[in-house]
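These notes are about the structure you will find just below.
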Amino acid sequence: MRVAFAGKGGSGKTTLSSLFIRHLAGQGLPVVAIDADINQHLGEALGAGQDPPAMGAHLGHIKEYLRGTNPRISSAAAMVKTTPPGRGSRLLRTGGDDPVHRLAIGTPCGEYVVVDCTAGAESFASGLFTRFDITFLVVEPTRKSLQVFRQWSSYAADYQVPLAVIGNKTQGDDDVAFLRDHAGENLLTCFPHLPGLRAMEQGRPFSLDDAGPQARDGLALLRHAVDAQVKDWETFTRQAAYFHLKNARAWANTATGEDLTAQIDPDFIPSFALPTPVS
């Protein structure tokens, strides 16, 4: 399951995504953590003993691996951020032993992929916001934070993107009521100010017990919301093609000197999306 944490800068999405990752890992569940923010602090929030690798430094190598023998992608240079997979492409799988996983810190497996997204609404143009099974919007009880929620909810409604709001840094019932008035049924749960998080922010030893029972109950609600999602591969594939066509015609064809609309393989179906044969 692919889970995104998004929201206004400073809303606490890195903190909450790191708590959710700890929650999953603490239950023995395999999880991959991806820091997709420009200001990268997820590894630090997770107590990583070393800086996470800069995946962008290996972008050419990653593209070559993913391109595989796909004849529709002429080169790694012609592979833009919206290029969809096709027949011959290499896909990343749970527990895969591949160069991309080997670049990462930790065990190369993941039943859950949790992504700390860049702040604001920068993922709309590329269609990245449609690539997740659910997006958790971290919202503070402020008007500025709610502006980002309105942007996301507007785009999400047009593309059937599952969305849930997490209130953060609430200080009492009035804050919760304020978020409920604006987010309505999208509001899944709220996290109050958690004094125990100071240890994590200062790099001192930290466990979920330090976050308190209310935070642990909230994290359990997040996992329940994730597990309740149903994969819709047809919509996922269709939207990937839509945004690639849109970006190819807007800028990518000119940038690469190729007609990148031809990269879409109309007959491609991810192997893991096919029904399991019955013996």
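The values are calculated or read from the model by the stated rules, or taken from the named source; none is laboratory data. In this text, all values refer to a predicted model and were calculated from it rather than measured experimentally. Cβ sites come from the backbone with ideal geometry, for glycine too, and all protein chains shown count toward neighbours.
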### Message
Being touching a residue at least 60 places away in the same chain (Cβ under 8 Å), within 18 Å of PHE5 (Cα to Cα) and of a type outside the set (Gly, Ala, Ser) narrows it down to one residue among VAL148, VAL165; which is it?
### Response
VAL148
#### Entry: Of residues in segment 63-86 being more than 18 Å from GLN239 (Cα to Cα) and basic (Lys, Arg), the one surrounded by the fewest Cβ atoms within 10 Å (Cβ to Cβ)
LYS63
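Matching residues to (1) under 23 Å from the mean Cα position of the chain (by Cα); (2) at pLDDT below 90:
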{"residue": "GLN171", "(1), (2)": "no, no"}
{"residue": "GLU185", "(1), (2)": "yes, no"}
{"residue": "LEU188", "(1), (2)": "yes, no"}
{"residue": "HIS193", "(1), (2)": "no, yes"}
{"residue": "ARG198", "(1), (2)": "no, yes"}
{"residue": "ASP210", "(1), (2)": "no, yes"}
{"residue": "ASP232", "(1), (2)": "yes, yes"}
{"residue": "ARG238", "(1), (2)": "yes, no"}
{"residue": "LYS246", "(1), (2)": "yes, no"}
### Count - residues of segment 224-247 that are surrounded by 12 or more Cβ atoms within 10 Å (Cβ to Cβ) and either under 22 Å from LEU29 (Cβ atoms) or hydroxyl-bearing (Ser, Thr, Tyr) (or both)
7
